1. Those residues that are in contact with a Ser or Thr (Cβ under 8 Å, 6 or more places away or on another chain) and surrounded by 16 or more Cβ atoms within 10 Å (Cβ to Cβ), I need them from the range 177-196; list them, please.
2. Consider the range 111-132. How many of its residues are outside any helix (DSSP H, G or I), closer than 15 Å to Lys231 by Cα and of a type in the set (A, V, I, L, M, F, W, C)?
3. Applying the selection to the range 1-38, what residues are more than 23 Å from the chain's Cα centre (by Cα) and either of a type in the set (S, T, N, Q) or in the same structural domain as Pro219 (by TED's automatic domain parsing) (or both)?
4. Would you confirm whether any residue within the range 177-200 is of a type in the set (Val, Ile, Thr) and under 16 Å from the mean Cα position of the chain (by Cα)?
5. For residues that are surrounded by fewer than 13 Cβ atoms within 10 Å (Cβ to Cβ) and in a helix (DSSP H, G or I), scanning just the range 76-95, find the one that is nearest to the chain's Cα centre (by Cα).
6. Tell me, which strands (runs of 3 or more DSSP E) wholly within the range 1-54 include 2 or more residues that are farther than 15 Å from Ala65 by Cβ?
7. Out of Ser41, Ser59, I need the residue that is among the polar types (S, T, N, Q), surrounded by 14 or more Cβ atoms within 10 Å (Cβ to Cβ) and more than 20 Å from the chain's Cα centre (by Cα). Which one?
Amino acid sequence: MKVYKDVLNVLQIETAYIISNDILYSCLLLEFSGLTFFVSSDASELKGNIKFKIKYRGSFIYFDAVIMKKVKDTIYSFTYEIGIAEEERNKDAFKQHFFSELKNIENLNEGWNKRKEARYEIGLDEDKGKLINFKSIEQVLIADKLQLPCVVNNLSYSGAKVTTVGGNFFKDKTVCLNLSFRNPIEQIPLVSSIKNCLIKSTSEKEIVSILSIKYDYSPLTYKQRIDSYIKALTERGIK
């Protein structure tokens, strides 16, 4: 699973370090799967047995591990694979909790990937707008530095279909869908590219565009909102 800032925030992982031959090197977490981590570091020749040091929930946790260099990214950056020893998984309650949290978020991510193309309707339905906790049925699409009113026809874990005003849209154009929620109040910006667009005029001679967009990245907070929406629809027997 790829690691982004929001993933680290949810897991409450603050920093990570490699200790090799009693020297401490900082590193950036890139990806993890089970006991395997991929990290980026400016240290050029790390190999063999190490200590992997992670600040988790405000405390440092140390793992016995083996490191291997995989890729030279730039002159000053190297990607390494770190394999944590199997016996570390259940060494103490704190480590058990750490790996349990990693497993939980990996399972969630696997489920999101399986359903990433499934679409969930909203449109002008006020009841559905309340179920997903939209602040308003009218949301905002940012294009060419303009904030345009839009309606979210449907959405998925990976994209959405929206209706907005104006006709200056084309395939692969970058836009940002800015969703405003309540309970709790938050805004989630979703930088996206247009995959399909239909431009037409209304009976009032206004130009509107129906856009299918794909998100560059779906943050965890957004995916959790979709989870809650699906649960609310299911509980009420709404399709």
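The values are calculated or read from the model by the stated rules, or taken from the named source; none is laboratory data. These numbers were taken from a predicted model, which means no experiment stands behind them. Cβ atoms come from the backbone with ideal geometry, glycine included; neighbour counts cover every protein chain shown.
1. Result: Leu177, Leu190, Ser192, Ile194.
2. 3
3. Residues satisfying the conditions are Ser20, Asn21, Ser26.
4. yes
5. Phe94
6. In the range 1-54, the matching strands (runs of 3 or more DSSP E) lie at 13-20, 23-33.
7. None of the others qualify; the one that does is Ser41.
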